[in-house]
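Structure first, then comments.
The values are calculated or read from the model by the stated rules, or taken from the named source; none is laboratory data. Source: prediction; values computed, not measured. Using ideal geometry, Cβ is built from the backbone for each residue, glycine included, and neighbour counts are taken over all protein chains shown. Accessible surface areas use protein heavy atoms only, side chains included; no ligands, DNA or RNA. Shrake-Rupley method; radii C 1.70, N 1.55, O 1.52, S 1.80 Å.
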Amino acid sequence: MHKPLIVPFTNGGNTLIYGASGSGKLAFLNQMLFSVIDKHSPEEVNIFILDFDSGALSAFAEAPHIAAVAMSSDHEIIREVFERIENELAQRRELFKRYGGDYQTYVKSSGKTIPNLILVINNFLAFTEEYPQGEDFVSKIAREGNKYGVFVVISALDSNSVRYRLVPLFS
C-alpha cells in the first residue's frame, strides 16, 4: 500500500519536481493543487499558476484559491503575477517587521491571518526560455519567500532544466 506524499510547505518550503515526459509530474501537480484547495480556504492560501506545458492546470482557474492562471502566451498576466508577488513580498516584509519578521510570528503575535502564497510553474525550462529574467525572479522568491509565507513549486524534465544555483533553494 502506498503512503500519501506530504508536501509541507510551511515546514519544508519550496518544492522541485523532476521527471521525464509521461512520468507523472502533471498528475502530481494536479493532486497537490486539488489537495491544497480541498484542505485550505482561500483565506489560508492563494495560488498563482504558470503553465508552460499542456495548459491542463488551467482547469483550476475557477477555484476561489486561484489568484491567476497563465499559459506561456499570456505575457501580460505573467508580468502581473511577477509584480503582484514582488509587491506582496515587500508589503509582508514591512508588515512583519513589527512582529518578529516572519509569517509564523506575525500570525501568532497579531492574531491575524493572511493567505500563504504558492507560485506553481509547470515546465521550468520552457518558462526560463520564454522569460530569461524569470529565473532571477524565482530565485529571489524561493530564497526570501518562505519567511513571509510565499512558496514556489516548479516542475522540470531533469536536473539540467534547473540551474545549479536554484536547486539548494528547493526541497
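Annotations for the structure displayed:
- Filter result (outside any loop (DSSP other than H, G, I, E, B), polar (S, T, N, Q) and touching a residue at least 24 places away in the same chain (Cβ under 8 Å)) within the stretch 24-57: Asn30, Asn46
- Residue in the stretch 93-107 that is closer than 21 Å to Asn30 by Cα and touching a Gly at 6+ places or on another chain (Cβ under 7 Å) present: no
- Matching entry among Phe28, Phe48, Phe52 (being farther than 23 Å from Glu88 by Cα, surrounded by 15 or more Cβ atoms within 10 Å (Cβ to Cβ) and at pLDDT 95 or above): Phe52
- Filter result (in contact with a Gly (Cβ under 7 Å, 6 or more places away or on another chain) and of a type in the set (Phe, Trp, Tyr)) within the stretch 135-161: Phe151
- Just one of (1) open to solvent by 40 Å² or more (accessible area, probe 1.4 Å); (2) modelled with pLDDT of 95 or more fails for Leu5. It is (2).
- Hits in the stretch 86-115 (condition: within 30 Å of Asn160 (Cβ to Cβ) and either hydrophobic (A, V, I, L, M, F, W, C) or modelled with pLDDT under 95 (or both)): Leu89
- Scanning the stretch 140-161 for residues that are touching a helix residue (DSSP H, G or I) at 6+ places or on another chain (Cβ under 7 Å) and small (Gly, Ala, Ser) yields Ala142, Gly145, Gly149, Ser155, Ala156, Ser161.
- For the stretch 58-73, the set of residues classified as in a helix (DSSP H, G or I) and among the aliphatic types (A, V, I, L, M) consists of Ala59 only.
- Residues that are surrounded by fewer than 22 Cβ atoms within 10 Å (Cβ to Cβ) and touching a Ser or Thr at 6+ places or on another chain (Cβ under 7 Å) number at least 2 in the following helices (runs of 4 or more DSSP H) confined to the stretch 74-171: 124-130, 134-144.
- Lone unmet requirement of (1) modelled with pLDDT under 95; (2) under 25 Å from Ser41 (Cα atoms); (3) over 16 Å from the mean Cα position of the chain (by Cα) for Gly145: (3)
- Tabulated pairs, the stretch 76-94, first farther than 16 Å from Val152 by Cα, second among the hydrophobic types (A, V, I, L, M, F, W, C) and surrounded by fewer than 19 Cβ atoms within 10 Å (Cβ to Cβ), C-beta under 9 angstrom, 6+ apart or interchain: Ile77/Ala68; Ile77/Met71; Glu80/Ala68
- Scanning the stretch 110-134 for residues that are touching a helix residue (DSSP H, G or I) at 6+ places or on another chain (Cβ under 8 Å), touching a residue at least 24 places away in the same chain (Cβ under 8 Å) and not β-branched (Val, Ile, Thr) yields a total of 9.
- Each residue in the stretch 135-171 was checked for being acidic (Asp, Glu) and without any contact (Cβ under 8 Å) to a residue 12 or more places away in the chain, and 1 pass.
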